[in-house]
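Before any comments, here is the structure.
No value in this document is a laboratory result; all are computed from the given coordinates. As the structure is a computational prediction, the values presented were derived from the model and not from experiment. All Cβ positions, even for glycine, are placed from backbone atoms using ideal geometry, and neighbour counts span all protein chains on display.
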Amino acid sequence: MTHPHHARAAAALWTLCVALDQLDDRVREENDAILAERATAADPLKSPSWGRRHALGGHGDPTGDAIAALGPPRPNRWAALRTEVWSQLRDVAEHLPGLADPLDRLRAAVPHMSDRMADATQLFADRIDGRVRRLLGLPADRQLVPRVPCPACAAVGLMLRGAPPVAERVVECTTCGAAWMWAEMVGSVAA
């Protein structure tokens, strides 16, 4: 059985991983849009001397000068966000063993963390995940589990994180803060 602190931290890292995948998609889309804008801005250029849309290297062809006058492309704000987030992840994971990317190192370290460190990891991952999802306009990765009482306090108000694989999904009580693995929860409700 996984301790609730570790289960919550692992689930938060899975949720963050899904948000970062969405961010990567947005970075690619924005890069494509920037390239399309540059191509559109350069497209109407036509050399009166040569009648072509690309420079031939001659001194009388103004196409190359006109393209250079477009200036640098606009910055990709999603790429800047991705760089910032990965920098934060590297700063936290730099003291953990392994050569893998910071998110994988954090995930591998969760089972060996103290309860307090697992809680801090969960809060860190949730904070970054919330920011990325808010900026991307994505919904939170928590779903209400209706009509199922908490085994610890009998209150109804359990939340399920949907991002982790089914075997690693976590159910959390919004009243008492208890947490269980989804598989354990389903087994106890069925019994």
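Explain nothing, just the number: dipole magnitude of segment 75-150 about its Cα centre with +1 on each Lys and Arg Cβ and -1 on each Asp and Glu Cβ, in debye rounded to the nearest 20. Show your work: numbers first, answer last.
Working: 12 positive and 10 negative charges, 71 e Å.
Magnitude of the dipole: close to 340 debye.
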Segment 1-36 scanned against label point 7 Å out from residue 114 along Cα→C-beta; backbone N under 19 Å for 3-10
Most packed first (mean Cβ within 10 Å per residue), the peptides 145-156, 127-138 order as 127-138, 145-156
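Rounded, prolate or oblate for segment 100-166? Axes are the square roots of the Cα gyration tensor eigenvalues, ordered a ≥ b ≥ c, and the cut-off for rounded is a/c under 1.5.
Details: a/c = 2.24, a/b = 1.31, b/c = 1.71.
In terms of gyration-tensor shape, oblate.
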